[in-house]
Amino acid sequence: MTTVLAICVTVIVTVSVYLMLSRELKSIAMGVFLLGHGANLSIIAMSGSPVLPGGGLRQPPILGDGILVDALPQALILTAIVINFAVMGFFLTLLVLTARNTGTLNLDELALEDPPVASPELEPTVDGGPGGGVGR
Amino acid sequence: MTGRSGRGSNNGAVVPVDPALVLAAIGAPVVAGTATLLLPRGRTSLRVLLATCGPLASLLFVGAHLRRYGVASNEEGTTAIAWVPSLNLDLGFLVDGLATFFALLIAGVGVLIVLYSRAYFGSDGPSLARFFPTLGLFTTAMLGVVLADHMLLTVLFWELTSISSFFLIGWDRDDEEAVKRATQAFVTTGLGGLSLLGGVLLLGDATGSWRWSGLVTGASDIGSGGTIVAAFILIFIGAASKSAQWPFHYWLPGAMLAPTPVSAYLHSATMVKAGVFLLGRLLPVFGLLSLWLPMVVAFGAVTMLLGAVLALQQHELKRMFAYATVSQLGLFVCMYGLGGATDGHGVSAIDWDLSQIASHALYKAPLFLVAGALAHRVGARRMSELFGLWRRRVPGARLPAVILLAAGYALAGGPGTVSFVAKELFFGSVRHAAGTRPLLVVVAVMAVMAAMCNVAIAVRLAATVFGWRTGVGDAAGASTHGAGHGNDRWGAVLWLPAAGLVLLQYVGGLVPTVWNSVFGRLEVNVNDEAFAGGLPWFWEPFLHPGVPLAMSMAAIVLGIALGCSALMRGQVDDVHDRIYPESYRLILRYGHRAFHRVQTGHLRHYLVLMFAMLLLSISWAAWIDPTMLRLPDGLAPFESLSGLMLGAVVCAAAIALPLVSERVVRVLVLGASGFAVVGLYLVYQAPDLALTQLMFEIISVILFLLVLRLLPRPDRRPRISPAPRLVLAVLVGLVVGWMTLLAGHAAEQRGEEVATLGEFFEEHSLHGSELTDGHGGGGRNIVNVILVDFRGFDTLGEITVLATAALGVWSMLPGRRRHRDGGFPRMVPGVGSPAGIDSLILRTAVQLVFPLTMLFAVYAALKGHDGPGGGFIAGLVTAVGLCTYRMAFGQRAFHRLLPIHPRWLVFVGLSVAAGVAALPLLLGQPLLRSGSATLSLGGEGLHLVSAMAFDLGVLLVVVGVAVGMIGRLGEELNW
């Protein structure tokens, strides 16, 4: 079973890295969310295969009879999924705002629009950094 | 750290000293200074009196301490207030002779400075109101530096002196130059402080003793290893920067833009001596290092001569005195450096170091104070403007002039002052050390030259005041503008403190028994070698002439000649003044270039960099351990058919994602891969995960589809060449997949005897054991127990993150009402209507399903501790139900169903969770400890645990966040 997961992780990570390297923010967003799946699957692989060497199955991590699977990776992933949800909402809102304020989701155009820092004589100031705030 | 902590600490020793006295002495100035803020505006005199109480109280407390306990030797003088004993952290104080002396000096001069500043600032109420709290803070910090025993405490107070002195130097906030100089001083001494911190950390870690007292006791066995030497060098850099040693000395003359009371206090009497004090502390510790003598003496001697030469060529009184201070600080450092010259048994070649330091404070502070007084009375601080002052009959200027000359005489080290004897002693110790190290003759020559410059300065001061032709400048440039205020009843305070201090110089010089009775007691315990005698009568050197006297006389004769001659008369600029601005400029320029090199502003570049680092580090690991690359045996890819098929679906969906171009299809494909992952979780026997992921997928598909409507359509342009992208992606994917395979396989092959964290949770999920003091989680669902109990604090943080993300969304997309007033243009015209999607099938289905969804949510919430479910799942289920309801029936119906804003759910949820977490604290138990009870519910026993209330908070937060986010994005679409 671990082999299957490893292959899934390979494919998912490959696709998400490919997407994240694109120049369209929407594709990047999709890549990020897909990467979340890859990471979660990678973590659950740490609990070992649910299939026992004898052929039987381990039981879900709820106290009872039988050999249970490791509960810790599951708890970690549950946390990760929920955090993923928050990140997703925030990211998508940022996308909406970026599109509304700049009219584009193309990274190259965005980079042109907001050079990182002003001239060398100026000391770094609070509003010197790259930031497309709400008010723009 | 804990393992070695026993050696240096004072565990065994009886500690009779009461820390309260020390603490009161340290705290009094800042308390009194801050208290002046409470006084009404006009009451300047009252303000001054209150501020005086601070250092005065410190003086009395230290005096009381001295009376009660006498001068403690090293170990006996320690006292501590425990703070975190397990980390060996405490408020440790060391009140030995050195510390007592410095504390008395700081507090004593502090009192005079407070009074003087009243006269200096005049009745300028706001300025004084600001001044006293800052000065109090500085005095406290300085007292802390000298009284601290714990090394980190010293560093803490050390930094505090840097910070407070920054405020004091840049006192005139409108004077850009002053602020710049203040920054220069702060950065220089602050960097030195960092160096000190590094040295202290190294030293503490290497010796296991974090106390100066412990270090001194164990000084013989700290050895001279690389760490110790590095620690010493770092600490020396810290001390040198604070005490303005070459090449860091530039900040001190620069800091002369400070008000005169500050210059007199910080830059002559106290703060600049902190480094000297530290060297005095370190001498018993590091004195035996072979590096000590050459390094400390070299820096000290260079500073001594450089400062003196530069001081002679200044025309502005304060700058002149500043360089003279630099010179004198160099002498102190040199003196402590010579303390490392040993003759077989312990430390020698150092006598009466405290008298040296006191002597300097007693003439240099008056010089500064008088310079300020003259600036007030005459309106001038430049030598040329002061020319012929004596004959000019400026009202109230003669008295300061007399004090100026008296202090100048002490500066020159003329017979009859303490300064004279002190200089004799210094020459004596140089000669003593040079006896065994011939190279030190150079230092002796430098010392004579420095003394000569001091004499010349005194001669020129006198010539200027009396208007002799040998003085600097002439009366042509004299002016009396700005002469002025300070002539009210506080006017005398302009010169009284200076007079008092100078008087002590002569009292000590002429009647050394008085001096000895004060400082003699403190001196004895500084060095191991007890100095039995006292400061000699001033004629004694003449009765027993020797090399030191010859050096003194040579310095005086040559100095008078130099002072009268035309040599070194011009005003010179110190080349070191350019160090700071130049480095600042260079850092800015190259920092800017480097920044642009690294920060391209293109996300792709950052990502490529990160992924490349990942690949590199893994390759490196594989290079070291090639077994990593071997395919593990015993792989069973076909053991679960359902797993295999689901895996295929996941892979297919993922591969399809970049291939399809229609964006709605892409979202659906993304969802498909997510749903297949749900299946994989089921295969992995993770029902909680499967439920959570399922709900998450539903919500995220809805969210994504909503957002798509709000985004512009992508423009069709040539893609980035996919080949390099693909190669990098495949490499990263292979590496991560391979790691997964190895880790998963290792987990499978793990023997039974290997204890895992998971087993711990499994054993303690329901009942506790000795390991957990008998407290168990009280639940059967291990995953849920981990979330709300074992890792409950983590979960609390997590729902806080959720709430923050939701707040972010709400604040980035403010409500619709604001839009109407004058908000953003809509890129996408509204689709749908507030009445929801007009579909009979959907509405009927939702009407049926919605109650069931809610019922299931309640069940999941209640049974979550024992079976699949829990707050997260129940919350997501509720959110899905509410969202579908909203889709079917529209906003208005939804608002009838949930009449409050979702942020209230988040608020209440967070409060409940935090409250449940904190409740045990009130009962004296650890955070998040759970209690339990069983409730009979119609025959079915319901096991209630307090963690379930925590779970309820989680549920509310999740519902609020999910519904709130989707609702807000939906409103954007008018949906």
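What follows is calculated from the coordinates using simple rules that are stated; it is not laboratory data. Note that the structure is a prediction, hence the values are computed from the model and not measured. Positions of Cβ are backbone-derived with ideal geometry, glycine not excepted, and every protein chain shown enters the neighbour counts.
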How many partner chain Cβ atoms sit within 10 Å of a residue's Cβ in peptide B:965-971, on average, as a whole number?
2
5 angstrom amide H check on B:Ala148, placed H, neighbours 5+ away:
B:Leu94
Do any trypsin sites (Lys or Arg not before Pro) in the range B:403-473 lie in a DSSP loop with no more than 16 other beta carbon atoms within 10 Å, and if so, which?
B:Arg469
What's the FRET efficiency of B:Arg43 with B:Arg68 using the Cβ-Cβ distance as r and R₀ = 35 Å, to the nearest 0.05?
0.50
Lysine pairs in the protein assembly as shown 8 or more apart or on different chains: how many have alpha carbons under 21 angstrom apart?
10
Please give, to one decimal in nm, the separation of the simple spin-label points placed at B:Phe638 and B:Asp838, each 7 Å out from Cα toward the Cβ.
5.8 nm
Once both label points are put 7 Å beyond Cα along the C-beta direction, the B:Ala656-B:Arg713 separation in nm becomes 2.3 nm
Please sort by residue number the trypsin sites (Lys or Arg not before Pro) in the range B:588-691 whose DSSP state is loop and whose Cβ has at most 16 other Cβ atoms within 10 Å.
B:Arg630
For peptide B:364-371, how many partner chain Cβ atoms fall within 10 Å of a residue's Cβ, on average?
0
Pairwise Cα inverse-distance average, inverted: Kirkwood Rh of chain B (Å)
34.5 Å
222 nm mean residue ellipticity, helices alone, for the protein assembly as shown (DSSP H n ≥ 4; -39,500 (n - 2.57); rounded to 500)
-22000 deg cm²/dmol
So what is the relative contact order of the range B:308-598, in percent, for Cα pairs below 8 Å that sit 6 or more residues apart?
26 percent
Name the residues whose placed amide hydrogens come within less than 5 Å of the amide hydrogen of B:Val945, ignoring near sequence neighbours (fewer than 5 apart) on the same chain.
B:Ala933
Against the 2.2 N^0.38 Å scaling, with N counting residues, where does the protein assembly as shown land? I'd like the Cα-based Rg ratio to two decimal places.
1.22
Using the charge dipole of the protein assembly as shown (Lys, Arg: +1 at Cβ; Asp, Glu: -1 at Cβ; taken about the Cα centre), state which of B:Leu728, B:Leu39, B:Gly92 has its Cα farthest towards the positive end.
B:Leu39
Applied in sequence order to the range B:621-635, the curve 6.51 cos²θ - 1.76 cosθ + 1.60 (Karplus, θ = phi - 60°) yields integer Hz couplings, x standing for Gly and Pro, of 4, 5, 5, 6, 10, x, 4, 4, 8, 7, 5, x, 8, x, 6
For the range B:223-233, in residue order, the Karplus 3J(HN,Hα) values (coefficients 6.51, -1.76, 1.60; θ = phi - 60°; whole Hz; Gly and Pro = x) are x, 9, x, x, 5, 5, 5, 4, 4, 4, 4
Which FRET efficiency value, to the nearest 0.05, do you get for B:Val442 and B:Val557 by plugging their Cβ-Cβ distance into 1/(1 + (r/R0)^6) with R0 = 25 Å?
0.75
Residue-span extension gain [B:Arg392 to B:Ser911] - 0.36 nm each, minus C-alpha spacing
179.1 nm
Measuring from its Cα centre, chain B shows a charge dipole (+1 at each Lys and Arg Cβ, -1 at each Asp and Glu Cβ) which, in debye to the nearest 20, is 4120 debye
Evaluate Rg over Rh across the range B:608-672, taking Cα atoms for both radii and Kirkwood's formula for Rh.
1.16
Any residue on another chain or 5+ positions along whose placed amide H is under 5 Å from the amide H of B:Ala258 is listed here as none
Please give the average number of partner chain Cβ atoms lying within 10 Å of the Cβ of each residue in B:726-734, rounded to a whole number.
6
Using mean Cβ contacts within 10 Å as the protection proxy, how do B:780-786, B:861-867, B:31-37, B:876-882 order, highest first?
B:780-786, B:876-882, B:861-867, B:31-37
So the FRET efficiency between B:Glu540 and B:Val518, C-beta based with R0 = 25 Å and rounded to 0.05, is 0.80
Descending packing, highest mean Cβ count within 10 Å first, for B:841-854, A:84-97, B:954-967 is B:954-967, A:84-97, B:841-854
How far is helix B:792-812 tilted off the main Cα axis of chain B, in degrees rounded to 10, range 0 to 90?
90 degrees
Any idea which of B:Leu367, B:Phe638, B:Val959 is furthest toward the positive side of the dipole for chain B, if Lys and Arg beta-carbons carry +1 and Asp and Glu beta-carbons -1?
B:Leu367
Crossing angle, helix B:946-972 versus chain B [Cα axis fit, 0-90 degrees, rounded to tens]
80 degrees
Order B:176-186, B:252-262 from most to least packed using the mean count of other Cβ atoms within 10 Å.
B:252-262, B:176-186
Taking every eigenvalue of the Cα gyration tensor of the range B:81-238, multiplying by 5 and rooting it, what semi-axes result, largest first, whole Å?
34, 19, 13
Give me B:Cys564, B:Cys453 sorted ascending by neighbouring Cβ count inside 10 Å, so fewest comes first.
B:Cys564, B:Cys453
Quick one: helix B:176-207 against the long Cα principal axis of chain B, what's the angle to the nearest 10°, folded into 0 to 90?
80 degrees
Pairs of alpha-carbon atoms within less than 8 angstrom and 6+ residues apart define the contacts here; what relative contact order does chain B have, in percent?
8 percent
Indicate the gyration tensor shape class of the range B:308-598 (rounded, prolate or oblate), computed on the Cα atoms with a ≥ b ≥ c the square roots of the eigenvalues: a/c under 1.5 is rounded; otherwise a/b larger than b/c is prolate and the rest oblate.
oblate
Those residues of the range B:784-815 whose amide nitrogen sits under 20 Å from the label point placed on B:His767, 7 Å along Cα→Cβ:
B:785-786, B:790
